Amino acid sequence: MAQLLSEDEINEALSERFSSWTRDGDSICRDVQAETFAAGIDLVDRVALAADEQNHHPDIDIRWTTVTFRLSSHSDGGLTQRDLDLAAAIDRLSSQ
């Protein structure tokens, strides 16, 4: 079981390193606007590989060219460092 992040740690991460992400209860979320539907699917494929490597998987919603990622450590009941690590990977992949 991973240690849950404190409110201060979450707020600091969102304001300093993850400004594209928003808090929604026990999750953090980010919308990525792809140029085309196929580009959005390609991003999802690349995120899937990163998620498998980290053994931590996001909830993903695809609406035409908008891809929404939602991260939470469900088994731990909130946000952990694993969520921030995957958010960093998603940020890196979405900027490529």
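Brief remarks follow.
- Integer Hz, Karplus 6.51/-1.76/1.60 couplings in order for the stretch 76-84, x for Gly and Pro: 9, x, x, 9, 10, 4, 4, 5, 5
- Couplings 3J(HN,Hα) of the stretch 37-48, computed from phi: 4, 4, 5, x, 5, 4, 4, 4, 4, 5, 5, 4 Hz, in residue order, whole Hz [Karplus 6.51 cos²θ - 1.76 cosθ + 1.60, θ = phi - 60°; x for Gly and Pro].
- Under 5 Å from the amide H of residue 80 lie the amide H atoms of 5, 73, each residue being 5 or more positions distant or on a separate chain, with H modelled from the backbone and absent for Pro and chain starts.
- Fully extended contour minus Cα-Cα distance, from residue 36 to residue 74, at 0.36 nm per residue: 10.6 nm
- Carbon plus sulfur fraction of accessible area for the chain, probe 1.4 Å, in percent: 47 percent
- Here r is the Cβ-Cβ distance between residue 53 and residue 24 and R0 is 25 Å; the resulting FRET efficiency, rounded to 0.05, is 0.50.
- Total charge dipole magnitude, the chain, about the Cα centre, Cβ charges on Lys, Arg, Asp, Glu only, Debye to nearest 20: 240 debye
The values are calculated or read from the model by the stated rules, or taken from the named source; none is laboratory data. Given the structure is predicted, the values throughout are model-derived calculations rather than measurements. So basically every Cβ, Gly included, is an ideal-geometry build from the backbone, and we count neighbours across all protein chains shown. The accessibility values were calculated without ligands, DNA or RNA, using every heavy atom of the protein model including side chains. Shrake-Rupley method; radii C 1.70, N 1.55, O 1.52, S 1.80 Å.
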